[in-house]
1. Quick one: what do you get for the stretch 23-164 if you divide its Cα Rg by 2.2 N^0.38 Å?
2. Bin by bin, in steps of 20 Å, what percent of the Cα pairs in the chain do you find, going until the bin that has the longest distance?
3. Rounded to whole Hz and in sequence order, give me ³J(HN,Hα) for the stretch 426-431 from the Karplus expression 6.51 cos²θ - 1.76 cosθ + 1.60, θ = phi - 60°, writing x for Gly and Pro.
4. If TRP241, TRP116 are ordered by their accessible area, calculated over protein heavy atoms with a 1.4 Å probe, which sequence runs from highest to lowest?
5. If each Cα of the stretch 131-214 is one equal point scatterer, what is log10 of I(q)/I(0) from the Debye formula at q = 0.11, 0.14, 0.19 Å⁻¹?
6. Which order do peptides 195-201, 337-343 fall in by mean Cβ count within 10 Å, highest first?
7. Just the Kirkwood number for the stretch 375-418, please: inverse of mean 1/r across all distinct Cα pairs, in Å, one decimal.
8. Would you mind checking the tilt of helix 402-419 against the longest principal axis of the Cα atoms of the chain, expressed as 0 to 90 degrees and rounded to 10?
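The values are calculated or read from the model by the stated rules, or taken from the named source; none is laboratory data. Quantities reported herein were computed from a predicted structural model and do not represent experimental measurements. All Cβ positions, glycine included, derive from the backbone under ideal geometry; neighbour counts span all protein chains shown. Accessible surface areas use protein heavy atoms only, side chains included; no ligands, DNA or RNA. Shrake-Rupley method; radii C 1.70, N 1.55, O 1.52, S 1.80 Å.
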Amino acid sequence: MPAPTHPAPVLQPSPLQRAIGASALGNAVEWFDYGIYAYGVTYISAALFPDMEEAVLFALATFAISFLVRPLGGLFWGPLGDRIGRKSVLAMTILLIAGATFAVGLIPSYDSIGLWAPAILVLLRMIQGFSTGGEYGGAATFMAEYAPDARRGFYGSFLEFGTLAGFSFGAVLMLGYSLHLGEEAMREWGWRIPFLVAGPIGLVGMYLRSKMEDTPVFLEAQRAAEDRPGARLGRLARHHWRPLIVVGGLVVALNVVNYTLLSYMPTYLQRRIGLTHEQALLVPIIGMVFMMLFVPFAGALSDRIGRRPMWRFSLVGLLVGAVPLYMLIGTGFTGAVIGFMALGLLYVPQLATISATFPALFPTAVRFAGFAIAYNISTSIFGGTAPMVGSALISLTGNMLMPAFYMMAACLVGLIALHFMPETAGKSLHEDPFAPPPRTADAQLRATGSGGTNVQTISSAPTEGR
């Protein structure tokens, strides 16, 4: 008789794979919102704002408003994540982000309800910003604490892969509907469809996150600290101000480049360079898909050579290349594609290593709070305002290269912060990289001087066990 056959076992994804998927999907939802807002800003301004010449600028200002409340979100979600766990906070933030994005697609037009339309938009953007204040710091912390120390850069890079994927998906949806429906239908109702898509995506993300176990690093630290008082913001600022300042300075460079390159570029290409609406959307899509190919490789490379060399290469490269590449972008569609791809390639070493670099600068007990607060304060001041600042500087000076100069200034700030950042590649997340090294017996001897009582005491100490 033939031997009985048994079905092949179904391979279940490992906890690390599930953590990567849940974190990356949530980050993709956040950036999906940014993508459809940035790529649909002309339609949003026409539908929800008064018919005025600078309606697009007001829509960009509304985009920036959501960033003003991000520090409040960081102050709320960060300490909460350090107290009750990463996964619980992340399940809540993704639902709020997706819900606010979904609701934008339901706002009646300005012609229907007047000034209530932009007012509701501002309110929803503030809810989205408040939720995002806990989303990115939590997702990066969650990813970093699940990843093995030796490969944290590689696994963490998939969080940024999700960033580009979400942004690109939003851009493709907006462009696809624009080409399929036409200008008139898009202005009437078509721009709303991508916003409504965020609803079911958010529900899937919340389900995946709610099924995850919290990170082993957090659970271990929580067990060890059961009898200790929880971390307070005052203690965070008093004892961990160095990583707060370093992360804040690096984020100035990171997010000025990020939001200038990804969020503002479609508007810049259309209004300042003169590309068609479709061309202005297509250039960043091509560039982001190109960047996605290199993100995992850059993350893996950072595990081998360190985070600091990756950041130094990126910051210096952008400092030197921003102006000539923006000049290339101004030559037309082909030049814009090549210039954007080159800028994106220079930016990838920063982008790919965020979730491996920043969480490792804080000890476990304050990791979520420290990262969320430093990241969101800097982002709210310099990141979310970058599209508005770039547009305003061009209007003020008439110089189309002002976004490049602004980017260069931000990279200088980043280089200063990088000088004070310790290397964390391969280091355990149980360590505090800013903590002073323990004093050895030899160091104590030198500190107390020769011939003193302390020297004699140490010298005559029992040598058993050495």
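1. Output field value: 1.16.
2. Taking every Cα pair in the chain, the percentages come to 24, 52, 18, 5, 0.
3. Those phi angles translate into x, 7, 6, 6, 6, 8 Hz.
4. On the way: TRP241 115, TRP116 175 Å².
So, going from the largest accessible area down, we get TRP116, TRP241.
5. Ignoring solvent entirely, the Cα scatterers give -0.44, -0.65, -0.95.
6. 337-343, 195-201
7. 11.1
8. Around 10 degrees separate the two axes.
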